[in-house]
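First comes the structure, then the notes that go with it.
The values are calculated or read from the model by the stated rules, or taken from the named source; none is laboratory data. Not measured: the values here are computed from a predicted model. Here the Cβ positions follow ideal geometry from the backbone for every residue, glycine too, while neighbour counts run over all protein chains shown.
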Amino acid sequence: MKERSLIASVLALAVLMPASGHAAGADYFKGKTMKIVIPYGPGGTYDKYGQTFAAHFGKHVPGNPSVIVQHMPGAGGVKAMNWAYNVMPKDGLNLIVPLDNSVVNQLMRPDKMRYDARKFHWVGASNQTNIVMAIRSDTGVRTWKDMRGKNLIASSSGQDTSYIGCNLANGLLGANIKVVSGYKGSSTAMFAIEQGETQMATYNWLAWGSKVPHWFTGDKPFARPILQIGFWRDPDVSKDVPMLSDLVTSKEDKAVAAFIGSLGALGRGLALPPGSSADMVKTLSASYDAMNADDAFAATLKKRKLRLIPSKGEDIQKIVLDAINNATPTVVARASKMIYGK
């Protein structure tokens, strides 16, 4: 009888607990500390969004836990992504601000990536932003067509979005851009343009708009945006700046443009590691949606010169799944040859 009673008690407890062993209610989160991992050092847009999430997210999570950030720079953000996928605790108390180039990295640099972006649980995002090619006005380049026939020099911090975007323009639009890598982040790459070391770069519009918005104002702007890469037009970029996907005509080139376009759609948000319970994902996704709808959160973003373009986790999850599942080996190989020369 005692054995039957014990078995019944264990079964009843199993029914009440989710698969991960962590309940996702107020009792679980109350008095706890959540951690948000940022894949870069302080100062960039990942950090600014991550710090803003830390200030507001806990207010909307049941039990109102405190939230802190942990910077984990290295290998262009890949160190943090690999760690989150393979090591991060699956307790709902640990999240990451995922890389916007998660999909591109996974498919074109598989030897370095120790993760599958499809298996992260995307909680939500608060911004999407296209990568935008900008160039000094004194180059004489006013539109993307003016790049043809000119020898141009771009700056990048490694195999980042500037490296990707500039080499893609070489392959798809007939540009002749030499990319100088090794700058320590987008800020120093932009400073190189200002100092005359380089002439251009390709970073997301959020970075341009928050760091050097004065470059693009007045009758004689210091620099001009000439091309944007993404799924849809960025609302803050001039309507006369064309989408790469609209400029290419062949089916093969459009497939490459769409593949690289996933960079902008992932934006800045939060994700849980693989293996997190469905109950935890549901709870924290609802909490994230509530944060996105909070006027105080929007006000803090505005104060920090950050945009709010909200997306639900399930929508981001679909974008990731579609981007990876639709990127055939032929498309990936074609993009890789253009960008990395292999």
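Table: residues versus (1) closer than 20 Å to Lys282 by Cβ; (2) assigned to a helix (DSSP H, G or I); (3) not assigned by TED's automatic domain parsing to the domain that holds Phe120.
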{"residue": "Val37", "(1), (2), (3)": "no, no, no"}
{"residue": "Tyr49", "(1), (2), (3)": "no, yes, no"}
{"residue": "His56", "(1), (2), (3)": "yes, yes, no"}
{"residue": "Val69", "(1), (2), (3)": "no, no, no"}
{"residue": "Gly77", "(1), (2), (3)": "no, yes, no"}
{"residue": "Lys90", "(1), (2), (3)": "yes, no, no"}
{"residue": "Leu107", "(1), (2), (3)": "no, yes, no"}
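What about Ala175, is it within 23 Å of Met108 (Cα to Cα), assigned to a loop (DSSP other than H, G, I, E, B) and more than 19 Å from the chain's Cα centre (by Cα)?
Numbers: within 23 Å of Met108 (Cα to Cα): yes; assigned to a loop (DSSP other than H, G, I, E, B): yes; more than 19 Å from the chain's Cα centre (by Cα): yes.
Yes: the conditions hold for Ala175.
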- When residues of the stretch 197-230 are limited to those that are in a loop (DSSP other than H, G, I, E, B) and in contact (Cβ under 8 Å) with a residue 60 or more places away in the chain, the one farthest from Arg142 (Cα to Cα): Gly230
- Query: Out of the stretch 191-211, which residues are modelled with pLDDT of 95 or more and touching a helix residue (DSSP H, G or I) at 6+ places or on another chain (Cβ under 6 Å)?
  - Reply: Thr198, Gln199, Ala201, Thr202
- Considering residues of the stretch 232-247 that are crowded, with 17+ Cβ neighbours inside 10 Å and modelled with pLDDT under 95 only, the residue nearest to Gly165 (Cα to Cα): Ser245
- Subset of the stretch 272-289, residues surrounded by fewer than 23 Cβ atoms within 10 Å (Cβ to Cβ) and of a type in the set (Gly, Ala, Ser), comes to Gly275, Ser277, Ala278, Ser285, Ala286, Ser287
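Give me a count of the residues in the stretch 233-265 that are in contact (Cβ under 8 Å) with a residue 12 or more places away in the chain and assigned to a loop (DSSP other than H, G, I, E, B). Working first, answer last.
At the first step, the residues of the stretch 233-265 found to be in contact (Cβ under 8 Å) with a residue 12 or more places away in the chain are 233-238, 241-245, 247-248, 252-253, 255-265.
Right, trim to assigned to a loop (DSSP other than H, G, I, E, B) and you get 233-238, 241-242, 248.
Of the residues in the stretch 233-265, 9 are in contact (Cβ under 8 Å) with a residue 12 or more places away in the chain and assigned to a loop (DSSP other than H, G, I, E, B).
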- Task: Of the numbered conditions (1) closer than 25 Å to Ala80 by Cβ; (2) surrounded by 18 or more Cβ atoms within 10 Å (Cβ to Cβ); (3) assigned by TED's automatic domain parsing to the domain that holds Val87, Ile339 fails exactly one; give the number of that condition.
- Result: (3)
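Would you say Ala134 is farther than 30 Å from Gly275 by Cβ and in contact (Cβ under 8 Å) with a residue 12 or more places away in the chain?
Working: farther than 30 Å from Gly275 by Cβ: yes; in contact (Cβ under 8 Å) with a residue 12 or more places away in the chain: yes.
It is true that Ala134 is farther than 30 Å from Gly275 by Cβ and in contact (Cβ under 8 Å) with a residue 12 or more places away in the chain.
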